[in-house]
Structure formats: structure tokens, C-alpha cells
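Heads up, the thing below is written out as C-alpha cells.
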Amino acid sequence: MSQARTNARQAAVQALYQWQMSGHNLGEIERQFLEDGRLKDAQKSYFNELLFGIPKNLDTIDQLLAEFIDRPIDKIDPVERAILRIGVYELEHRPDMPYRVILNEGINLAKCFGADGSHKYVNGILDKVAQKKRANEVKRGKGAGSRTQDSE
């Protein structure tokens, strides 16, 4: 879709990271982001959807991730964990978004915020989740997991 939605995802990674590490109240984290101007160029409604929707659906998201990850969820790097949770949330709750866009955004978030090579890990996990949750779409799209220039 837009750069504003990409910016919302970037802010959500940072906010979810903060929530995971500190356990602070989500409303307080949202207030900090608004006050600091970190949502100036972001789609605020989408940031809120991710910030509040992911913790609300955390058990379902983490159960799905557990099927495909190679270690307990709490042992995954917290940045990668936040990115994976965003991707799984989108694959589950945003059928209006093409799975390739979700994977591409996850890869880009990992390249931006994650450790060297973390984008490959994120891509591999989200690709497997997409094959399970969006099987028909993946079959039609062929080449699941490959980076595309699709836009939202």
C-alpha cells in the first residue's frame, strides 16, 4: 500500500520490542511513540492495530510460530520475534494483504532492525506459515518466499 503503512510496521517492531523487553503497558508505549513524534509519517491506525492486536492474539500467534521455529519462542532474538509476530498476525488477520507483500515487509524489517542474515530466518519461517495459512494463495502465486516487487 503505502510508505505510511511500512513506517507503521517499523514503529510497531520497535514498540513490540519495547513491550517484550520491559512489559510496559501498551497504552504507555503508544503514548511515548506519539509524544516522541515517531508516528509522524506512519499510518497510526495500522500501528495501533499491530501494537494492540498482536498481544491480544499472542497465544495463537506463538502457537503457530512454534510449529516452524527451531527453538522456544522466548529464545528467538527479541527483534526477530517482534518481526515474526507481525508477519504471522498479518497472515492470519489481514487477508486483504497479499502474502508476498507480508513476506517482503518482514524481510525488509529484518534487514533494517535484525542481525546480519536474520532476514533469511524470518523469510524461511514466514514462508512456512504462509504455506499453511494461505495455501491456495501460495499455490496460485508460485515461488513462495521469493522476494518480489509487489506493493500493497
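The values are calculated or read from the model by the stated rules, or taken from the named source; none is laboratory data. Fair warning: this is a prediction, and the values are worked out from it, not measured in the lab. With ideal geometry, Cβ positions are generated from the backbone for all residues, glycine too; neighbour counts draw on all protein chains shown.
Summary of computed values
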{"quantity": "Members of segment 78-91 found to be buried (at least 16 other Cβ atoms within 10 Å of the Cβ) and not β-branched (Val, Ile, Thr), listed by number", "calculated": "Glu80, Arg81, Ala82, Leu84, Arg85, Gly87, Tyr89, Glu90, Leu91"}
{"quantity": "Pairs, first touching a residue at least 60 places away in the same chain (Cβ under 8 Å) in segment 59-88, second buried (at least 16 other Cβ atoms within 10 Å of the Cβ) and outside any helix (DSSP H, G or I), C-beta under 7 Å, six or more apart", "calculated": "Val79/Gly114; Ile83/Gly114"}
{"quantity": "Residue identified as more than 23 Å from Glu49 (Cα to Cα), modelled with pLDDT of 95 or more and among the small types (Gly, Ala, Ser) among Gly124, Gly145, Gly117, Gly141", "calculated": "Gly124"}
{"quantity": "Meets criteria (surrounded by fewer than 13 Cβ atoms within 10 Å (Cβ to Cβ), part of a helix (DSSP H, G or I) and free of Cβ contacts under 8 Å to residues at least 12 places away in the same chain) for Gly27", "calculated": "yes"}
{"quantity": "Flag for Asp36 being over 21 Å from Leu103 (Cβ atoms) and in contact with a helix residue (DSSP H, G or I) (Cβ under 7 Å, 6 or more places away or on another chain)", "calculated": "no"}
{"quantity": "When residues of segment 37-68 are limited to those that are loosely packed, with under 13 Cβ neighbours inside 10 Å and modelled with pLDDT under 95, the one nearest to Ala4 (Cα to Cα)", "calculated": "Lys40"}
